[in-house]
Amino acid sequence: MASLSVKPGQRFTLPDWQSNSHLISADAEHHRSASHQIRQEALALRNDTGNQAKWDECDSRTRLNDRIKSVNRWREVLAKCITDIDLEIDALTKVKEAAENAIQAKNLWLDVAIECLTFRESRRNIDVVRDPVEEELLKEVKVIEKTKKELQQRVDEAFRQLCLLKEARQQLILDHQHKVEALDIDQQCLSFNPTSGNISFKVNPTRIPDGQLVLSLGLSQPPGHSWGRHKHLVAVCEWSLFSPQTNNELEGQRVATEFALRKRMRDMEAALDELRWQEQNTLDEIAEMEENIRQLEEDVRKRTLDLKVAHTRLETRTYRPHVELCRDPAQFGLTAEVRQLEAAIRALQRKRTESQDALDTLYRQLHRIQTDIGYKTNSLQLDNKCMDTRRKLVIPVEKFDPEVDAVNRTRNLPRDSQLELA
């Protein structure tokens, strides 16, 4: 007589088994829904930060272009001023030289007049008179000296004006050089892009350099489940009674048991189908979440490159010379862009962490689903083996050929098959 083998340990009720399956499905739905919500939020955040970064970079580029045009316009004005002041210096120098030549020429006239007066001083006695000739000579000397004095004043004024013009010219040339350097720096800043090889993070790029002038702008476990500790008692089959009544009872029990087994197997297959569907959906959600994380990391990388560009532009612009080192609209725009990019990177990194947490939850849920699929697949195989074993009740033992290997739980090979051992 065969003895009944009862697996030791806790046994669960069918409602517990159904509740566990429903709980796993509900958890999978909940976690996928949460993951989907995070992906949608991440997509919106990536779109917002990407668009904001593009607009900020475009705004900074526009401000740099405007600044370049403005500085270039002033550079041209300064160049024209330098040309005009050079012409003025040349003209004034010629006037000064002409006045000096006129003074030099008047010296001869004065010498002649004085010499004449000196000669007339050699007159004697009654001839030493103040005649019209002497008066005209004295008038001539006075007029020449007055003319020389006025010419000398003009020469002095021209000299002082030349000094002022040359000083102004030196300042204009220096300012012109500063604007040329500022143009080169801003054009270099304009050429920076995320693929440039010379961009990097800078230390405190939004600082205000010493001496910087301000240019007037005038211009946001599911709930704990307590499994019931029920013990399912299985009665031992007594094969000592072979009366028709007992046989009918056993046949009815056999049919009922096989019906229950088939129903249980159908329920198991349905639960497996549901779990496999949940598994596939969870795998799909995991794939989408991994792609979402990859895109978030790519957006962080892009925003980081944009931030390096803005840092490099700000740092480079601190080398503008003299009065060109001013807080112009381009400087304000780049500073705002840096702060916006830093906020965007922090938001993207937070969303990436949130997405990674959701992905970890999905992986844990997937492991739970796959573990339960393993349990149910094993149970289904055992029930199949039970159904196959119960064929002994309707098939003579000598004709019984099990379809399932009791040890390996696999289909048996045909009896006439030959296995070759290597």
P(r) tail for the range 287-400, what percent of Cα pairs lie past 20 Å? 67 percent
Would you kindly derive the ³J(HN,Hα) couplings of the range 199-205 from the backbone phi angles with the Karplus curve 6.51 cos²θ - 1.76 cosθ + 1.60 (θ = phi - 60°), listing them in order in whole Hz, with x for Gly and Pro? 9, 6, 6, 10, 7, 6, x
Of PRO132, VAL143, VAL155, which is farthest on the positive side of the dipole of the range 106-205, counting Cα position, with +1 on Lys and Arg Cβ, -1 on Asp and Glu Cβ, and the Cα centre as origin? VAL155
ARG327's amide H: which non-local residues (gap 5+, or another chain) put their own amide H closer than 5 Å, with H modeled 1.01 Å from N in plane and none for Pro or chain starts? LEU213, VAL214, LEU215
For the range 287-368, the per residue accessible area (1.4 Å probe, Å²) is 42 Å²
Could you look at the range 335-387 and say what percent of its accessible area is carbon and sulfur, using a 1.4 Å probe and all protein chains? 50 percent
Mean Cβ-within-10 Å packing, highest first, puts peptides 151-164, 174-187 in the order 174-187, 151-164
Run the numbers for GLU181 and ARG160: contour at 0.36 nm per residue of separation, minus the present Cα-Cα distance, in nm. 4.4 nm
Table column - 3J(HN,Hα) (Hz), the range 342-352, Karplus curve with 6.51, -1.76, 1.60, x for Gly and Pro: 4, 5, 5, 5, 4, 5, 5, 5, 4, 5, 5
Lysines with Cα under 30 Å of LYS302, excluding same-chain neighbours fewer than 8 positions away: LYS54, LYS69, LYS202, LYS351
Where does each of 284-290, 144-150 land if you order them by average Cβ count within 10 Å, highest first? 284-290, 144-150
Full-extension gain between HIS22 and ASN101, please, as 0.36 nm times their residue separation minus the C-alpha to C-alpha distance. 16.9 nm
Tell me, what HN-Hα J-couplings in whole Hz come from the Karplus equation 6.51 cos²θ - 1.76 cosθ + 1.60 at θ = phi - 60° for each residue of the range 360-371, using x for Gly and Pro? 4, 4, 4, 5, 5, 5, 4, 4, 5, 5, 5, 5
If you take the charge dipole of the range 257-322 about its Cα centre, with +1 on Lys and Arg Cβ and -1 on Asp and Glu Cβ, which of TRP277, MET265, THR318 is farthest toward its positive end? THR318
From the Cα centre of the range 78-142 to that of the range 340-365, the distance in Å is 93 Å
So what is the accessible area of the range 34-189 per residue, in Å², with the probe set to 1.4 Å? 66 Å²
Checking rank on 22-34, 130-142, with mean other Cβ inside 10 Å and highest first, the result is 22-34, 130-142
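The values are calculated or read from the model by the stated rules, or taken from the named source; none is laboratory data. Source: prediction; values computed, not measured. Neighbour counts are summed over all protein chains in view; Cβ atoms, including those assigned to glycine, are modelled from backbone coordinates with ideal geometry. Quick note on the areas: whole protein, heavy atoms, side chains included, nothing else; ligands and nucleic acids left out. Shrake-Rupley method; radii C 1.70, N 1.55, O 1.52, S 1.80 Å.
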